[in-house]
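Shown next, in structure tokens, is the structure this report addresses.
The values are calculated or read from the model by the stated rules, or taken from the named source; none is laboratory data. Quick caveat, the model's predicted, so the values are computed rather than measured. Heads up, the Cβs are rebuilt from the backbone with ideal geometry, glycines too, and the neighbour counts pull from every protein chain shown.
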Amino acid sequence: MGYDPSRAREVDLVKVGCSEVIPLLGAWLDRELGSADSARVEGHVMECPACSDRMALFAAQGEALRVSMKTRVDTEDLSALTRAVLAKAEVRRRRRLVRRPVAAAMAVAAALAGVTLGMRTLWSPPLEVEAPVRVASIDEVDFRGEQGFVLQAGRTSIIWLREGTAR
Amino acid sequence: MIPLLILAAGIVGVGTAADPAADVPVVRATIRAVAATRNEAPNDPRLSPIASSLDDFGKDFRYRGYRLVGAESFALGWRISGEMELPGRRSVTIAPLHLTPDGRVKMHLMLHGAHPEHATKMETDFSLPEGATVFVGGMRLGDATSDSGEVLLVGVTIDRIPARPPIRATDLNANGRPPPEEPALPPAAPAPRPARVK
């Protein structure tokens with residue numbers, strides 16, 4: 001768990017400015033910020049434990065990605081890739097030649113459909129887009145040695161603790 | 001009379017202008033401690049705000065009656081925790097962590113055991129949209145010797161999610177990065193000399 005309640009007050013003292021600084025952290029780590037923004041971010045990170053943690057996490061993630069990609073590139077055999085791409089392009093070119101008359105007919109049909117749809121849009125009110133159903137979700141549970149389970153029922157999430165089952 | 005009215009209007013005006021709570025981005029959440037029983041019992045009308053969530057709960061668990069034992073509402077800043085005492089000398093702590101990209105609130109919850117140890121019995125992170133509820137249940141209501149057959153159900157409902165802070169157009173480009181600094185203007189070209197007339 002990444003949250004330490006004992007630091008909540010401490011974090012609250014410096015939370016002003018976090019929302020402005022967080023989007024810039026990645027760019028700051030990549031050294032892509034101008035001098036003014038860079039100084040602003042650096043000053044905030046020095047004072048704010050939460051943003052300092054975030055910055056450390058970003059840096060660790062970036063490093064892990066770099067190492068992972070380098071390992072893959074070093075071990076991967078890419079010699080067949082060029083041949084495969086060229087072969088695929090050739091197949092597509094032949095298909096295009098064969099399908100030209102069909103494509104022309106389809107273009108006419110699409111144009112007609114477009115005109116029809118355009119007329120419909122012109123004469124009828126726009127359809128309402130249904131909002132997505134948003135539900136509660138459990139991201140992580142630590143039962144601290146007890147038994148328990150998580151259940152999703154409709155929009156409601158349920159965490160069930162079997163009290164007294166700790167070993 | 002008129003000076004009094006002016007004074008009152010001034011006080012109201014100052015109060016409105018200086019109200020710092022109006023702009024503070026707080027998450028409003030309510031914790032409800034509910035006693036659930038398997039016996040047929042009329043539902044507590046005070047539980048009407050979470051009636052649909054209790055219906056969802058009742059589809060999978062064989063509890064038929066619900067009674068509100070306690071409720072507390074909180075207005076919490078990010079990573080500020082609120083605590084509520086529960087029956088059986090337990091307590092629960094919640095803290096909003098951050099807004100998720102889809103507009104929900106990620107919350108942290110800790111359930112503490114009975115006095116005097118108050119050991120953490122369970123800890124969880126969950127994401128909630130406005131109006132939705134998460135239940136933590138399974139604890140016996142009261143102490144181990146009581147035989148009421150009721151189970152404690154702790155419901156956490158998000159009543160209000162603060163608006164996402166606006167990002168100024170000049171701060172970030174479409175790729176999420178700040179725009180590059182504007183290059184310095186080239187030095188002004190010297191004024192053309194008037195042509196000599198021979």
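Quick one: would you say B:R67 is of a type in the set (D, E, K, R), touching a residue at least 24 places away in the same chain (Cβ under 8 Å) and surrounded by 17 or more Cβ atoms within 10 Å (Cβ to Cβ)?
Judged against the criteria, B:R67 is a match.
Based on this model, can you work out whether A:R40 counts as assigned to a helix (DSSP H, G or I) and under 20 Å from the mean Cα position of the chain (by Cα)?
no
Out of the residues in the stretch B:134-154 meeting the condition of being buried (at least 20 other Cβ atoms within 10 Å of the Cβ), at the interface with chain A (Cβ under 7 Å from one of its Cβ atoms) and modelled with pLDDT under 90, tell me which one is farthest from B:D55 (Cα to Cα).
Among them, the one singled out is B:M139.
Working only within the stretch A:29-44, note down all residues that are out of contact with any Phe, Trp or Tyr (no Cβ under 8 Å at 6 or more places or on another chain) and more than 10 Å from chain B (Cβ to nearest Cβ).
A:R31, A:A39, A:R40, A:G43, A:H44
Of all residues in the stretch A:148-167, which are at pLDDT below 85 and more than 7 Å from chain B (Cβ to nearest Cβ)?
Selection gives A:G164, A:T165, A:A166, A:R167.
Every residue, every condition in (1) under 28 Å from B:E123 (Cα atoms); (2) among the aliphatic types (A, V, I, L, M); (3) loosely packed, with under 11 Cβ neighbours inside 10 Å; (4) at pLDDT below 80, yes or no:
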residue	(1), (2), (3), (4)
A:Y3	yes, no, no, yes
A:A8	yes, yes, no, yes
A:S35	no, no, yes, no
A:R40	no, no, no, no
A:G43	no, no, no, no
A:C48	yes, no, no, no
A:R54	yes, no, no, no
A:Q61	yes, no, no, yes
A:S68	no, no, yes, yes
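Report those strands (runs of 3 or more DSSP E) wholly inside the stretch B:62-159 carrying at least 2 residues which are among the acidic types (D, E).
Fully inside the stretch B:62-159 and qualifying: B:82-86, B:120-128.
Out of the residues in the stretch B:117-133 that are at the interface with chain A (Cβ under 7 Å from one of its Cβ atoms) and touching a helix residue (DSSP H, G or I) at 6+ places or on another chain (Cβ under 9 Å), which is modelled with the highest pLDDT?
By that ranking, first place goes to B:T133.
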